[in-house]
Every structure is written in C-alpha cells, then in structure tokens.
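Data block below; observations after.
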Amino acid sequence: MKSILKKALLLSTAAGLGLALSGAGANAQGQLEAIMKARGLTEKDVLAAAKTYVPTGKRDEFIVFSSGGQSGQVMVYGIPSMRILKFIAVFTPEPWQGYGFDDESKAILESAKINGKLITFGDTHHPAISETKGEYDGEYLFINDKANPRVAVIDLKDFETKQIVVNPIMMSEHGGSFVTPNTEYIIEATQYPAPLGKSVYVPLSQFNEKFRGAVTYWKFDREKGRIDPAKSFSVELPPYSQDLSDAGKLVSDGWSFTNSFCSERYIGGIEKGRPPFEAGCSQKDTDFLHVVNWKKAEALVKAGKVKMINGHPVVMMDTSAKEGVVYLIPEPKSPHGVDVSPDGKYIIVSGKLDTHASVYSWEKIKKLIDAKDFAGKDPYGLPILDMKKTLHTQVEVGLGPLHTQYDSKPCVVYTSIYVDSMVTKWDYCKGKVLDQLHIHYNIGHLMTMEGDSVTPQGKYLVSLNKLAIDRFNPVGPLHPQNHQLIDISGDKMELLYDMPVPLGEPHYAVAIRASKLKPLVRYRLGWDSRNDRISPFKTRPGREKIVKKDGVVHVYATVIRSHITPEIIEVEEGDTVSIHITNVERAEDETHGFALSGHNVNLSIEPGKTVSATFKADKAGIYPYYCTEFCSALHLEMEGILVVRPKGVKAEEAGFSEGVKYTEEDYKKQYQQNLQVQKVIDSVVNFIVSRNYKDFPTVVGLVEDATDQLKFAADAKKKAEEFAAKKDWQNATLWAQQWFQYQVKAADIGLRAKTYLEQHGAKVIKK
Ligand code: K7E
Ligand code: CUA
C-alpha cells in the first residue's frame, strides 16, 4: 500500500463505507487494509462495495420491479443496494400478504379463471410501469402471464394486485406488457399460434388457414385504475409465432412493433420422426417484424369494421391489408427483442441466431408506407417492406443478441448477448461497438434505469441471467437465478454486484427513480384494498358483533395491539362463518395477522384495512386463532377461540376462571402505579406538543395513535373505578391492569415520536 493513488482510493472508499475518518484516519485506513487482507478483497472489490453499500437508515435511488417468472409474482428491490423490498403477489396465492386467502383477493384470482378452472400460478415475463408522455409516472404496474394469456394491474399506491384480465382470443402470449406513451393501451401479443377464441378445436392440418396470432390492445382507464375490457380490441396476425413487442413513441407514437420467430409456419412432431420445431422454425434467413398502426385499428374498431370473436372485437387481416393497419418487414433469423429508441426514431431488433443487431429507421419505414412502396405481399395479403430500404444500419454485436436497452447518453445502447454471455455497449447512430463485458452466465434481458422511457437515466444496468452455476453457495440442483448490477456511468462497464434470486426466472425488469413513487403508509379506516372502496364490513372499535344472516354467521371484528375482538366466537357445526376484520390501528407498520387453526384461514390486515374470510365450520371442536405478526409485547396474548359446537348441543355460558383472586390492596397498588405511569406519559406528551411536531407527518401519525391508546386507557380506568365502587376487586383489578396495558402502548408510541423529533431537529415552539 504505497502509492498515493492507492491511499486516496482507500480514503474515498472508506468514506463511502461510512467509516469515520476524522482524527482516526490512519487507524481506519489500517483497519480497512487489514479487512481487505483477511477477506482477500481487491481494491476493485472495495470500490464496488462502496458504490453499492447503502448504510442503515438510508434508501436506494432506484426501485426495480422484476418479473418473478414461474412464481407468478413481481419482485421489488432497490438499486444500488439490491436489497429486496417485497414480492408482490399477482397470479399466485401468497400467504404473508393474505393474497388468495381473504375473500376479496380470492375474488381477483377467481375472476381470472380459464374455462372455469382456477389457475394458481402464472409465468410472468414483462413488467411495465404506467407512462405519461412517455415518462414513467409511477402510478401503476402491469405484468403478463405467458402460460395462461392474462395481464394484471398493480396499483403502486399500495403495491397490490387489483385486477387480472384473461385474453379472450389467445391460448398463449409473450409480447406483453408494453404500454403506449400515455398508457392508453397495454399491449399483449400472442406467442404460439392457435385458432382465435377460447379453446377452439381445429385439426393441425389446417394450421395455415385457421391458426392465428394476434396483438391485443387493452384499454386502460386511468380514473378507475383498471383495464376496461369492453373498450379493448385485437388485431389478427398470421401464425408466425409472434414474440416481443414495443410501442412507438414521439415520432412513431400511434404505432407498435411485434417480432416473430417462426414465419416458416412450421409444425413439429419429433415423436413421429418429423424434424422438431427448433429446426423447422429456423429454416429461413429472415422472419417478420410486424408494424401495426394501432391508432388506425382503434378507428376501425369504432367504425365497427371488426369481427366479434368470443365477444371481443378483432380487426381481421383482410381489413388490415385494405386499410393499412399491418405491415411486415423482414428481420434476421429468429429475432427476440424489439426496442424503440427514446426519441422514437429507431427500432432495434436482435436475431438470436445472428450476430447482428439491426437498427431500423422509422423515417424510412414511414416513407415507404406513405408511398405504398412495397416489395411484395405475404400469403395473407399483408404488404411486405424491403428490408434494405428500411435499415439504418446493422452492427455485429456478438452471437445470440436478445434485448437492447438505452442509456442516458445519446445513441448509446446495451444489448444482451446470450450465447457469448456478455453485454455489448454500442453506438446505434454511428454503428460501432464501444465496449463488451462478460457476465455469469447466459444473460436474457438487461435493464437500464428508466431505460425504455423517453428519458433514460443511465448510471446502472442490471443483467438478468439464466444460470448461476458457481456464483453462490450451493443449495441443491435447483440454483438461484442471478441479477448482476453493472456500473455504466463511465466509458467502461464495471461489474458491481451479484444478487441471487430465489424465486423464478427473472425475464424482464423495469427501474424507476424512487422519488417518483408515492405509496401510502396506511389505509382509510375500513378500506377494502382489493376493490379500492370502503368495505361494507368496516367495523369501528366498540361496534364488534356476531350476527347470523341468511344462514351465515357474520363476525364483525377489530384488531389493535394486543387483542382481537371478539375473543370467543361460538358457532354450530355445519355453519358457514364469515369473519370480517378491521385493523383499527392508525400507526405506521402496525400490521396484524390472523391465522385460524385447520381452516386455511390466514389474513394480513394492515392499518385501516378490512378483510374477510369465509369458511365452513364443518367439524366440531376448539380452534384457536391468533395474530401472526409480533406486534407488541403482548402479541402472544393476541388470541381467541373459535368454538364449534356439535349439532344439537346447547350453547353454554363459559365458566370463566381467573388464576388469581384479587383484593382491594391489589387494586389500589395497580391504581397508584398507573397514576405514576401517567406522569411519565404526560412529560413525553409535553415534550411533543411543545415542539413543531405537526411539521413531521410520521410524528403526526404516531400522536394520533397514542391519542387512541390514551382514550382506551381512560375507558379502562372508568370501568376499573366502576367495579371498585361496587367493591368487585376482581374485575376492578383486571380493568386496572388493562388500563396499564394501554398506557404502556401509549408510552411506547410517545417515546418513538420523541426520539424521532430529537433526531430530526424539531424546534421548540412554546414553553
Ligand atoms: Cu427474453 Cu420472455 Cu422477454 Cu425471457 S423473454 S429472456
Ligand atoms: Cu397483532 Cu401480534
């Protein structure tokens, strides 16, 4: 460690790592050197650590939404730390969030049945963030299910899935979700051809005549935050095995682009000695890029020039050929990704079996279309443009190029190279390679910050890899997936971090500047978050009740630290029970869970939320229920019993027996203690209200919560005094103890608020 450079590097790195260097500089440097030596770290490692480490309490600059592949979920993590923040349940039940367990979210999964079958997984591929004028606006997220053609809507106010729509005419898809620049539509394109409609039989011999592809434009109703299937439509395409899609932007707005990889229209049958799909689908040197004028298609739908298939309007190919909706452009062999540049002027396509990335010019394409200058027609009458006349350039980027993402620097792009396992950085304006970086191993998609918006943010790139092989500690034959973080701020790409993903194949991801997201911290009291409305089962504290209506026992319950009300629910064997629980907390992060023994009931109830669980109590017995989140010191006591009486057995008043017999002395002791505690609370309250606490929303929330707890304390105190007046020392003491419980909670919250104010420099406003 001699060179000055090295020393400077170590010092700056140490500062980045948050080590205090002032005064103890030499000491910290010595420590850092010792750690590097002991752990075998190079300077490059330490620099990478400094670039990715986010100290405790600090937050990430970008938030990533990654496909969770076969898990049917979406993974959320931060950049540069790569810390996972959440898995959003979408197509698959997820117990922690109660998704697929509460009645409200079960209804979402049930609305997405296919031919009456409940599908409890999804093969998620491409997340897309809603856009306004081509910029990510951070309001909604969409994701597709390739296996069972469906698209889901996630609201980024609470990161919950609100809707799943089933494609009415496709049997599989892949080219979704991609949004148009103002999120007018969410694009979903087929993958494997099939007759349009739902489960239509046609013999394979009629493949060319009856099998079809399509692209669906799902209308997004921003007011409602939902897709409007009634205003959505599709455009019929030839059975070419369509692949990825992208929406045009700015100059190419109103158009969309969809690849295909089997314009050979080949059908396999390896079991009968026919060459397999993979051979048959790569015979020709080119496939077709579909260029679709969706604005024109939209007008044709409005004019009724469609065929209704399964109740859904489809612009058929003959109409498209006549009206100029679909154009085809040859593209090199078995392409995969198609990515429109931020200015909308170029479309980059990569052929998996080629070494080139092809840059098409929108200006050239548009000129040919306007001049009706076609090179020919396909068997379905769709016009074909001359490939050479539409190309801006082709660049040799490596073997097996897949996807391309844009940098903040003009003309700079990154393409994933599958076979060579690397990222190629190149200039698509001048058509030259700038840099190449090997990754581990077999990259699929790659993703830059806001990289498919009109204003990419540069800085970082994530490589989403298919294999992890030797990167991590082995965990059996099923390896984790690997996201690799790459620094793209300089001329050379630098690999910074490997992140194992133990979830599913992460096909694609999108990253948004964290400051654009404005999620809620709590719901309005009684909120049904799955339907975004006040729940008809909202229950206020003190209004809990059990009522039998139309043969169903409805339990209107509340939860708050540290009890579930009611604590005893008694029903008869065979009863249908519907428990509606409202979390009446207003405190941040005070979620309660609800698990009931043996009935597959498991709920997550965040502050303000109301959720329901309906089940049949079909076997007599004693079934404990409890809160599953360690929410307070007396969390284990947050319990209750479902008593299921055998049929015909009369209800019996519970024979309550307390463990301890309390005396007047016990009561007085507890009472005096509580008065002392109240003094402590009063001093904390004084501290808070004498500061400008209203300037701190977090503290305002805590104060509201503490005020609630103190109200409960006052109620309990009153009850204790009433029993004391009757000389019922047993009940008087128990209520005095309950009063104390509320005081403890209020004090706990008050102290949190006080600490927050102290740490955030609150000012004294009155003495
Ligand atoms: Cu390349 Cu589905 Cu976009 Cu996988 S996809 S990699
Ligand atoms: Cu609520 Cu534990």
Original post:
What is the stretch 558-603's relative contact order, in percent, from Cα pairs under 8 angstrom and six or more apart in sequence?
Top reply: 35
Subject >> the stretch 482-607 - percent relative contact order, Cα under 8 Å, separation 6 or more >> reply: 17
Original post:
Once both labels are modelled 7 Å past Cα along the beta-carbon direction, what's the Glu573-Ile35 spacing in nm?
Top reply: 6.4
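Taking the beta-carbon count within 10 Å as an exposure proxy, list Val76, Val700, Val166 from fewest neighbours to most. Let's see the in-between values first.
Numbers: Val76 22, Val700 14, Val166 18.
If I rank by nearby Cβ atoms, fewest first, I get Val700, Val166, Val76.
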Original post:
Lys647: which aspartates and glutamates have alpha carbons under 12 Å from its alpha carbon, excluding same-chain residues fewer than 8 sequence positions away?
Top reply: Glu572, Glu573, Asp575, Asp618
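May I ask you to list the trypsin sites (Lys or Arg not before Pro) in the stretch 574-662 that are in a DSSP loop and have at most 12 other Cβ atoms within 10 Å of their Cβ? Before the final figure, lay out each step's value.
Values: sites: Arg586, Lys609, Lys616, Lys619, Lys647, Lys650, Lys661; in loops: Arg586, Lys619, Lys647, Lys650, Lys661.
When the trypsin sites (Lys or Arg not before Pro) of the stretch 574-662 are filtered for loop state and at most 12 Cβ neighbours within 10 Å, Lys619, Lys647, Lys650, Lys661 remain.
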**OP:** Between beta-carbons, use under 14 Å as the cut-off and find the net charge around Glu544, counting Lys and Arg +1, Asp and Glu -1.
**Re:** +3
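Please tell me which of these pairs span more than 27 angstrom C-alpha to C-alpha: Lys679/Lys711; Lys58/Lys133; Lys58/Lys86?
On the way: Lys679/Lys711 16 Å; Lys58/Lys133 31 Å; Lys58/Lys86 17 Å.
Beyond 27 Å between Cα atoms: Lys58/Lys133.
Among DSSP bridges having both ends in the chain, what percentage is antiparallel? Round to the nearest 5.
Numbers: 151 of 169 bridges.
Beta bridges within the chain, antiparallel portion: roughly 90 percent.
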**OP:** Using Cα centres only, tell me the gap between the stretch 513-585 and the stretch 89-131 in whole Å.
**Re:** 21
Subject >> Within straight-line cross-link reach of Lys409, aspartates and glutamates at Cα separation under 18 Å, skipping those fewer than 8 residues along the same chain >> reply: Glu135, Asp339, Asp343, Asp427, Asp435, Glu450, Asp452, Asp487, Asp491, Glu494
Original post:
Near Leu757, within a Cβ-to-Cβ distance under 12 Å, what is the net charge of the other residues, with Lys and Arg +1 and Asp and Glu -1?
Top reply: +3
Subject >> Under 16 Å from Lys44, Cα to Cα: lysines that are on another chain or at least 8 residues apart >> reply: Lys6, Lys7, Lys492
**OP:** For each cysteine in the chain, check whether another cysteine's C-beta sits under 4.7 Å from its C-beta; list those where none does.
**Re:** Cys627, Cys631
Original post:
Looking at this model, which pairs from Lys162/Lys609; Lys305/Lys333; Lys51/Lys430 are more than 24 angstrom apart at the alpha-carbon?
Top reply: Lys305/Lys333; Lys51/Lys430
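What number, rounded to the nearest 500 deg cm²/dmol, is the helix-based mean residue ellipticity at 222 nm of the chain, given -39500 (n - 2.57) per DSSP H run of at least four residues and division by all its residues? Could you put the intermediate results ahead of the total?
Working: 13 runs with 170 residues, N = 767.
Here the helix-only value at 222 nm equals -7000 deg cm²/dmol.
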Subject >> Net charge contributed by nearby residues that have their C-beta within less than 13 Å of Gly213 (K/R +1, D/E -1) >> reply: -3
Original post:
What ranking do Ser199, Ser597 get, fewest neighbouring Cβ atoms within 10 angstrom at the top?
Top reply: Ser199, Ser597
Original post:
Once phi is turned into ³J(HN,Hα) by the Karplus curve 6.51 cos²θ - 1.76 cosθ + 1.60 with θ = phi - 60°, what whole-Hz value does each residue of the stretch 283-300 show in order, with x for glycine and proline?
Top reply: 6, 7, 7, 9, 10, 10, 8, 8, 10, 10, 8, 6, 5, 5, 4, 4, 5, 5
Subject >> Packing-based exposure ordering (other Cβ within 10 Å, fewest first) of Arg226, Arg533, Arg561 >> reply: Arg533, Arg226, Arg561
**OP:** Taking 7 Å along the Cα-to-C-beta vector as the label spot, tell me the Tyr53-Phe121 distance in nanometres, rounded to one decimal.
**Re:** 4.0
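List the trypsin sites (Lys or Arg not before Pro) within the stretch 373-441 that fall in a DSSP loop (any state other than H, G, I, E or B) and whose Cβ has at most 13 other Cβ atoms within 10 Å.
Values: sites: Lys377, Lys388, Lys389, Lys425, Lys430, Lys432; in loops: Lys430.
For trypsin sites (Lys or Arg not before Pro) across the stretch 373-441 that sit outside H, G, I, E and B with at most 13 neighbouring Cβ atoms in 10 Å, the list reads Lys430.
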Original post:
Where in the chain lies the longest segment free of chymotrypsin sites (Phe, Trp or Tyr not before Pro) that are both loop residues by DSSP (not H, G, I, E, B) and have at most 13 other Cβ atoms within 10 Å?
Top reply: 202-629
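Give me the extension gain from Val200 to Val475: residue separation times 0.36 nm, minus the current Cα-Cα distance, reported in nm with one decimal. The partial results should precede the final answer.
Working: separation 275, 0.36 × 275 = 99.00 nm, distance 4.32 nm.
Length gained between Val200 and Val475: 94.7 nm.
Looking at this model, which pairs from Lys466/Lys518; Lys249/Lys296; Lys719/Lys745; Lys296/Lys516 are more than 24 angstrom apart at the alpha-carbon?
Values: Lys466/Lys518 32 Å; Lys249/Lys296 16 Å; Lys719/Lys745 19 Å; Lys296/Lys516 33 Å.
Beyond 24 Å: Lys466/Lys518; Lys296/Lys516.
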**OP:** Could you work out how far apart the two model spin labels at Cys411 and Arg222 are, taking each label as a point 7 Å from the Cα in the direction of the beta carbon, and quote it in nm?
**Re:** 3.4
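Tell me, what is the percent relative contact order of the stretch 167-309, built from C-alpha pairs under 8 Å that lie six or more residues apart? Could the numbers behind the result be given before it?
Values: 301 pairs, mean separation 28.5, N = 143.
Over the stretch 167-309, the number comes to 20 percent.
Each value in this text was obtained by applying a stated rule to the coordinates, not by laboratory testing. These figures come from a predicted structure and were not determined experimentally. Glycine also receives a Cβ, built like all others from the backbone with ideal geometry; neighbour counts cover every protein chain displayed.
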